[in-house]
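Below: the structure, in structure tokens.
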Amino acid sequence: MGYSPNTPEEIREMLAAIGAGSVEELFSSIPRELRAKSFDLPPGLSEFELMGIMREKASTGGCGITPFIGGGLYDHFIPAAVDHLSSRAEFYTAYTPYQPECSQGTLQALFEYQTAICRLTGMEASNASLYDGGTAVAEAALMAFRITGRHQVVLDESVNPFYREVVRGYLASVAEQVVEVAPLGYGSDFDMLSGTVTGETAAIIVQNPNFFGTVEDFAALAEKAHQHGALLIVCSYPVALGLVKSPGEMGADIAAGEGQSLGNHLSFGGPYFGFITTLKKYIRNLPGRIVGETIDKDGQRGYVLTLQAREQHIKRQKATSNICSNQSLCALRGMIFTAALGRKGFEELAALNYDKAEYARGVLSAIDGVSVINAGTTFNEFVLSLPKPAAPVVERLLPFGVAAGLPLGSYYPEMENTLVVTVTEKRTKTEIDRLASLLQEALWS
Amino acid sequence: MELIYEKSVPGRTGVRIPVADIPRTTGGFPAGLRRFEPAAFPEVSELDLVRHYTNLSRRNFSVDTNFYPLGSCTMKYNAKVMENAAALFAGCHPVVALLPGGEKLVQGPLSLVWELERQLAEITGMDEVTTQPLAGAHGEMTGIMLIAAYHKARGQKRKYVIVPDSSHGTNPASAAMAGYEIVTIPTAPYGDMDLDAYRAAMNDQVAAVMMTCPNTLGLFNPYIAEICRIAHEAGALTYYDGANLNAILGKVRPGDVGFDVIHVNLHKTFGTPHGGGGPGSGPVGVRAGLIPYLPTPRVVKKDDGSFAVEAHPEGIGRVSDFFGNFGIMVRAFGYITLLGREGLIEVSEQAVLNANYLMARLKEEYDLPFDQTCMHECVFSAARQAKEGIHAIDIAKYLIDRGFHPPTVYFPLNVKEAIMIEPTETESKQTLDSFIAVMIEAARCAKESPQELKDAPITTPVGRLDETRAARALQVCCE
């Protein structure tokens, strides 16, 4: 039935050692009236039938569709080594490395991850992962509250709307105010953002590239924030950082975001990982697990969970965060991904994303009445303006096996005729050309 | 072992990226937006990479390699078939479900979310479940946010959340994140929350009481229904921390007992792997009165039998970006489906049997602060050994040398020198007997050759590590 190995004979021996007459007797401390009123589940199955059910569910899993969609999650190539190495049971069937001597594998890998994510974001300190992009940005805001002692944030509306929703939920009971600033030309409204920062502001939260794919430089905004004693939080897309200026290079105080693009499968929404990095001076304000280097009694190098006095199992309600389980295995995948591609391969990957998207911008905006309307540079996604509402067009192309883009109307009501088109390195020229001809047909025939 | 960065050789390349089939235009990317320096990722060959992480993995204890009786963590066997099942969904983009007409294309995954929610509702006796929370503590925070929304809708702004001193640290931390002040109630001599102190603390300013049942001592609280009744009389709600649900599957349902909000840990009770610290998954169940506040979006089953994603505008918003840790949910759905009704009941029975067997066999050698039938775990104290200068941590390190992952030590905080052992139902009597033999040896060593315990571990790649130095030097990445 399940995975309990003891035979009836062994169970009898064990009960004898306990001095109990039956297994049921062990539950006698539970009052009768508290017993389950129902437990209505079907009988069990074997692996064989289970996989039949699973295959059927996966067959209507949208896997056959060619995605020109992102929304913060990207269909990137994942080297086979990432799957194989992260499937080592010594990694995936271990738990939080509370006992460092028999957990050096996980600990060293997480230390390497912390290094990779610091180098990528241009920052100095990282934790060992958070849950996802939205919760990472929310934790970054809470961290800014702790650092500044202020409880107001300015949130750029060109930050992913899913993340903004999570941020609002996380901050609802602790923030005095979340001021949202509308975008301008599918980019940040720098004048408005600068004008909204005051001596009460804990942080400005921006995203780069933003939800519309626009790439910007926030260095001046960082200065502006710092003049008011506020922090700059930059939400980043890791693959873009192979080409785009890093948060650290812009003077950000905290970088946070979704790590999925680093070697994690789309998997219908998770598991992925959130990342958060900061400057050394703020390290004690980081939420979650942090791995640190040390030595053993013979002077050998080793790794341990450090600064645990910030954490819930010690500090309880005074902890920097409630986080206990994180997304360690997904962060490990991220580490292996960056090492598999390496310094040069990662840079090439980002360049290829940019080039594919530039090619797609060209062929799509050649369609009558269609144009790319981001004011500035984009990375691997861009906003396409159509001569009519975008949602029905996207719907019409789905039966052709193409998800043409994410219509913006549901998230920004005034943008009904627009959609964000995402083009990763996996989209071939043939697929892009086909999208163009399908779109042409949907609009004009 | 060297870090992967120390194995890096400038110019060495690893995995090749997809070939460019379009004109190259990167040169046109504006200089002012470009990063100055490429990220210094390791430059290694694929074989270097594979060897490095394979060898690193060998420096871990894990369920697949060692008995791992880490109390409160339910380190049971993670069935391999679930890995195969989860892999089937690897390529599904969740945004497809949000496209106009997209739901039709993802009926399979949506049905899985809906069915898992139904399974968990039946198992826990709750009316509705959300799978959005990504871990146990995330579920706790979500649950407390739901409770806050419930009170707010009734025009009440209550200030306090009550927790017992034996609770997981995440309970008070989660309630604090949701804006509450914490009232901590001490443990009574019988091993659970002091009922009189609790009664005295309860008033119309209390939003909720958070209980773990069985508690972190592995004991079932016989007054649990009374605790719920007292809360409800004061207009407070009751929260069930499902960390220890493995003990009571099919025996007790928190909903039947009187709990209003619960979370379960799929990575504990429902057999999904712990991943070296995560990903987990912490679905939250509620009674009917709290359904309006559940996070958005909801997966619903329509009258025609199809599944849809619906906004839930009155709710607390979104607590994570999509539908939860879906890959983990696939494994848990598979686990529940594969075990079925009888299999799940057997889980609890065998988990409780294994824990009581360990407790019976070890109580001569170690102090047992609460000597009564336990549920899925038992908590010993090394107080007797501590008198000889040997502490719980020394026993833990000795176990490592003998091939066992140590139990949880120094938790719960209300037991001195705590050793918290949770064997789980997937371990055999043979494994338990070998562990018992080594624990007895450790107790003997404490008396006869304590230095052996103090020196442990000696078989691991590194000896005891200097944690104070780590916190002082604060080297958290490779320079």
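The values are calculated or read from the model by the stated rules, or taken from the named source; none is laboratory data. A quick note: this is a predicted structure, and the numbers were derived from the prediction, not measured. No Cβ is skipped: glycine too gets one built from the backbone with ideal geometry, and neighbour counts run over all protein chains shown.
Numerical summary
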| quantity | calculated |
| --- | --- |
| Pair list, Cβ under 8 Å, 6 or more apart: region B:308-328 residue buried (at least 22 other Cβ atoms within 10 Å of the Cβ), other residue acidic (D, E) and at pLDDT 95 or above | B:R318/A:E165; B:S320/A:D132; B:D321/A:D132; B:D321/A:E258 |
| Hits in region A:410-445 (condition: modelled with pLDDT of 95 or more, closer than 23 Å to A:G187 by Cβ and part of a loop (DSSP other than H, G, I, E, B)) | A:E416, A:N417, A:V423, A:T424 |
| Among (1) buried (at least 22 other Cβ atoms within 10 Å of the Cβ); (2) under 28 Å from B:A288 (Cβ atoms), the one test that B:F89 misses | (2) |
| Options B:G101, B:G14: the member that is of a type outside the set (A, V, I, L, M) and surrounded by fewer than 16 Cβ atoms within 10 Å (Cβ to Cβ) | B:G101 |
| Residue within region A:135-156 that is within 7 Å of chain B (Cβ to nearest Cβ) and either modelled with pLDDT under 95 or crowded, with 24+ Cβ neighbours inside 10 Å (or both) present | yes |
| Residue tally, condition closer than 30 Å to B:P412 by Cα, within 7 Å of chain A (Cβ to nearest Cβ) and of a type in the set (F, W, Y), over region B:43-67 | 1 |
| Residue selected from region B:357-369 under the condition touching a residue at least 24 places away in the same chain (Cβ under 8 Å) and over 25 Å from the mean Cα position of the chain (by Cα), by the criterion surrounded by the most Cβ atoms within 10 Å (Cβ to Cβ) | B:Y366 |
| Positions within region A:333-365 being within 7 Å of chain B (Cβ to nearest Cβ) and among the hydrophobic types (A, V, I, L, M, F, W, C), in sequence order | A:I336, A:A339, A:A340, A:L341, A:F346, A:L349, A:A351, A:L352 |
| Any hit, region B:236-246, residues being assigned to a helix (DSSP H, G or I), closer than 23 Å to A:D40 by Cβ and not basic (K, R) | yes |
| Qualifying residue in region A:41-63 (condition: facing chain B (nearest Cβ under 7 Å), part of a loop (DSSP other than H, G, I, E, B) and in contact with a Lys or Arg (Cβ under 6 Å, 6 or more places away or on another chain)) | yes |
| Failed criterion for B:N354 (all others in (1) over 30 Å from B:D371 (Cα atoms); (2) of a type outside the set (S, T, Y); (3) more than 7 Å from chain A (Cβ to nearest Cβ); (4) more than 17 Å from the chain's Cα centre (by Cα) hold) | (1) |
| Pair list, Cβ < 8 Å and 6+ apart or interchain, from region B:338-351 residues that are more than 7 Å from chain A (Cβ to nearest Cβ) to residues that are assigned to a helix (DSSP H, G or I) and among the polar types (S, T, N, Q) | B:S348/B:N246; B:A351/B:N246 |
| Answer residue from region B:105-118, given it is touching a residue at least 24 places away in the same chain (Cβ under 8 Å) and either more than 25 Å from A:N326 (Cα to Cα) or out of contact with any helix residue (DSSP H, G or I) (no Cβ under 9 Å at 6 or more places or on another chain) (or both) and is nearest to the other protein chains (Cβ to nearest Cβ) among those | B:Q107 |
| When residues of region A:22-40 are limited to those that are charged (D, E, K, R) and more than 29 Å from B:Q107 (Cα to Cα), the one farthest from the other protein chains (Cβ to nearest Cβ) | A:R32 |
| Region A:104-122: number of residues that are more than 7 Å from chain B (Cβ to nearest Cβ), over 24 Å from B:L134 (Cα atoms) and assigned to a helix (DSSP H, G or I) | 1 |
| Residue in region A:334-350 that is polar (S, T, N, Q) and within 29 Å of A:A138 (Cβ to Cβ) present | yes |
| Residue that is facing chain B (nearest Cβ under 9 Å), surrounded by 24 or more Cβ atoms within 10 Å (Cβ to Cβ) and either more than 13 Å from the chain's Cα centre (by Cα) or on the phi > 0 side of the Ramachandran plot (or both), where the choices are A:G257, A:G263, A:G242 | A:G242 |
| Residue within region A:82-103 that is at the interface with chain B (Cβ under 7 Å from one of its Cβ atoms), touching a residue at least 24 places away in the same chain (Cβ under 8 Å) and within 30 Å of A:P209 (Cα to Cα) present | no |
| Candidates B:L49, B:L70 - the one that is under 15 Å from B:G276 (Cβ atoms) and crowded, with 20+ Cβ neighbours inside 10 Å | B:L70 |
| Sole residue being more than 7 Å from every other protein chain (Cβ to nearest Cβ), in contact (Cβ under 8 Å) with a residue 60 or more places away in the chain and of a type outside the set (S, T, Y), chosen from B:L70, B:L98, B:L3 | B:L98 |
| Hits in region A:123-134 (condition: assigned to a strand (DSSP E or B) and at the interface with another protein chain (Cβ under 7 Å from one of its Cβ atoms)) | A:A125, A:S126 |
| So A:I276, is it β-branched (V, I, T) and either in a loop (DSSP other than H, G, I, E, B) or outside the structural domain of A:A138 (by TED's automatic domain parsing) (or both) | no |
| Matching residues in region B:436-470 - criterion: being within 7 Å of chain A (Cβ to nearest Cβ) and in a helix (DSSP H, G or I) | B:E467, B:R469, B:A470 |
